Amino acid sequence: GAAMLRFLGPLLCLWALRLPLGTGRGLDVASYRERVRAMFYHAYEHYLESAFPYDELRPLTCDGQDTWGSFSLTLIDALDTLLILGNVSEFQRVVNVLQEGVDFDIDVNASVFETNIRVVGGLLSAHLLSRKAGVEVEAGWPCSGPLLRMAEEAARKLLPAFQTPTGMPYGTVNLLHGVNPGETPVTCTAGIGTFIVEFATLSHLTGDPVFEDVARKALKALWKNRSDIGLVGNHIDVVTAKWVAQDAGIGAGVDSYFEYLVKGAILLQDKELMSMFLEYNKAIKNYTKFDDWYLWVQMYKGTVSMPVFQSLEAYWPGLQSLIGDVDNAMRTFLNYYTVWKQFGGLPEFYNIPQGYTVDKREGYPLRPELIESAMYLYRATRDPTLLELGRDAVESIEKISKVDCGFATIKDLRDHRLDNRMESFFLAETVKYLYLLFDPDNFIHNDGSDFDVVVTPYGECVLNAGGYIFNTEAHPIDPAALHCCRKRKEEQWEVEDLMREFYSRKKTKKFTLKRAPDRGEGENAKDPEDASSEKAGEKRNSKKSSHSLLSCPSQSFNSKLAVLGQVFLDNT
């Protein structure tokens, strides 16, 4: 018996250790991760083959179409997913293709909202991840770079939409001529309140406050126009501030406004944005929540207007998990999951009392929201039920939606008819969140034990420490990057000249700080040939080695020092 125990002991130990990983109930996480990877490439390669340079793939006819503009949208949207899947060579190739091929000076009417979340968001995320992907970045990175310039150019094209009496933007803008004469002044709430993540990031990186300013003004205008019972409607006139559609809920037309109050608050450490959300959250619970479902109500009276669940609402449990309300999140998630199990997908609208789809809203365009919530909740709880949703999603999408040329929108979940469309969010979000659900060790899940220290023209700066904020198109933004570039413009040029001069005269060394048994030990790793590259003066920190780097004393501008052969700059 004792001998048997000695033999089994280590095995039992390993088995016990395995359980908390949530590979529970016999689900093979690694094999699902590989199936998700294969899904990505099946869709991505057919887009490149049959649809590029158009915006989107038409998977039933194996050709392409422009949908939201004319800027190879699927390529921009899928770029950061490539890196999350570990494909650095293709990431680098696509960065070059986009730099050469994408032009925003075109006579195209574009959705302000969609261009922001997909194009500006995708380019910003790729810009901030490009060094990690082995791209040779310029000396001023992350405060400069070709992808950042493209993101800024795209965002500038959207600014004319914000020139309204209320500061709330028009929904459509012509990329060449600005807002068209006769443009409708009616915009949905989400189309007004979904800019702060991208625009604040742009302002912090470029030093131009205009982007963050217009995004904040729009957020505050919505807040000011909420009803007496604390709710916002679905569509508003951006000239008169009159509510045109007065349905209040958490789904289509409103959704990402609430999401961006929370994510903006976290990204910018902004108490005001969070307190706005918490006020809305109270009103939403009071008026729209019934038995862990959320209904649509009249924004002034609070009376139920539509007892439906929309697939877009499935982001809400993930958002609740971000503010720590995990129990409520889980209960609502499980309601939504029952709908998925009923149909093998989430119909666009689901009538809650009848327990069935709504006429003309039976489709599932491979949306990510329920998978997104599962990814967040799995990080919070490790509940194996969440992996089961991931499994069901992979099985459903492969079984119903896979065709020779990619994956097709499901037109009707009742009979599995398909539509000739593959939205760019399938590769940007659905596949990404599925992969992250099944990849617990992905760099995106970094808990801060690993980070880089980069010397920028404005000081030393910590990056890649985790805590990524996903925009509403699943483009991760590193919040630490927002603290890399804070300087007044004229001072910035002075510092850039100083840095250039310094690096042209001196080769600098790359340091790896390794943790010795009893003390941190700096170890010289390599001596890069290209002294002007961003690798200059970079230190890499593993585990808990040198956290004191996070709190270097601030130096005034004229007392900058050279320490250890590096310019030691004021890091405000």
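Just a few scattered comments:
- Remark: segment 36-50, residue by residue, has Karplus-estimated 3J(HN,Hα) of 5, 4, 5, 4, 4, 5, 4, 6, 5, 5, 6, 4, 4, 6, 10 Hz, where x stands for each Gly or Pro and the curve is 6.51 cos²θ - 1.76 cosθ + 1.60 at θ = phi - 60°.
- Whole-Hz ³J(HN,Hα) from phi, Karplus 6.51 cos²θ - 1.76 cosθ + 1.60, for segment 52-61, glycine and proline x: 4, x, 5, 5, 9, 7, 9, x, 7, 10
- Theoretical FRET efficiency, 1/(1+(r/R0)^6), r = Cβ-Cβ of E49 and R417, R0 25 Å, to 0.05: 0.50
- Around the amide H of A248, modelled in the peptide plane, lie the amide H atoms of V297, Q298, M299, all under 5 Å away and 5 or more residues distant in sequence or on another chain.
- Taking N as its residue count, the alpha carbon Rg of segment 96-193 over 2.2 N^0.38 Å: 1.20
- Environment charge at R379 (Cβ cut-off 13 Å; Lys +1, Arg +1, Asp -1, Glu -1): -4
- Packing-based ranking of 246-259, 407-420 yields 246-259, 407-420, ordered from highest to lowest mean Cβ neighbour count within 10 Å.
- Simple label model, 7 Å out from Cα along Cβ direction - I323 to R379, nm: 1.8 nm
- Taking the protein heavy atoms of segment 110-165 in the context of the full set of protein chains, the accessible area attributed to carbon and sulfur is 52 percent at 1.4 Å.
- Accessible surface for segment 31-144, divided over its residues, is 33 Å² per residue with a 1.4 Å probe.
- Set of segment 404-425 residues, backbone N closer than 18 Å to the point 7 Å along the Cα-Cβ line of T61: 404-411, 418-424
- One way to sum up the overall shape of segment 346-444 is the equivalent ellipsoid from its Cα gyration tensor, whose semi-axes run 24, 18, 11 Å, largest first.
- Neighbourhood charge, 10 Å Cβ-Cβ cut-off, centred on L128 and excluding it, Lys, Arg +1 and Asp, Glu -1: 0
- Average accessible surface area per residue within segment 248-324, 1.4 Å rolling probe, Å²: 34 Å²
- Accessible surface of segment 200-271, 1.4 Å probe, proportion on carbon and sulfur as whole %: 51 percent
- Carbon plus sulfur fraction of accessible area for segment 414-485, probe 1.4 Å, in percent: 44 percent
- Unsatisfied cross-links (Cα-Cα over 26 Å) in the set K224/K263; K132/K217; K157/K271; K132/K399; K242/K301: K132/K217; K157/K271; K132/K399
- Within segment 224-373, the proportion of Cα pairs with more than 23 Å between them is 36 percent.
The values are calculated or read from the model by the stated rules, or taken from the named source; none is laboratory data. Given the structure is predicted, the values throughout are model-derived calculations rather than measurements. Cβ coordinates were reconstructed from backbone atoms using ideal geometry, including for glycine residues, and neighbour counts include every protein chain displayed. Calculation scope for accessible area: heavy atoms of the full protein, side chains included, ligands and nucleic acids excluded. Shrake-Rupley method; radii C 1.70, N 1.55, O 1.52, S 1.80 Å.
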